[in-house]
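One structure is given here, and the rest of the page talks about it.
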Amino acid sequence: MAAREETVCSFQEIVGGHCGFQTKDRSKSVEVIPLLQCKRSIGAHKSALASTCVENEVDLILSRASMFAPPRNVDKLSICPRHRELLGLGWRRPSSKCSIPSVIAKHSTIPKKRPK
């Protein structure tokens, strides 16, 4: 019996990490899809981060991968559910410091003082 081929998407090479399924997916689907098929609404996510430079889910994923303009081969890029979650709508700020460059964020880069 042949070993099952590992599911790998373009973003494993770009940002690292492992390909796989989304954390809340009970079916544990690891289907890799073309990046340009990512069309989820990002309106609420975008307003919560006060970002104006991303227009759609593809822009959001590319920006989180430090690609602020679509590469020439954008139509050849693929993404697995895990990288889509980590770079897209499932992304969470890793620290209390904002990681969105101030050039594209509408909020202050000076942290607010927390009440004691």
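Every read-out reported here was derived from the displayed coordinates using simple, explicitly stated rules and does not represent laboratory data. Nothing here was measured: the structure is a model prediction, and the numbers come from that model.
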For a quick size check, give me the Cα extents of the stretch 1-67 along its three principal axes, largest first, whole Å. 51, 26, 19
Subtracting the Cα-Cα distance of Phe68 and Ala44 from 0.36 nm times their residue separation yields 6.6 nm
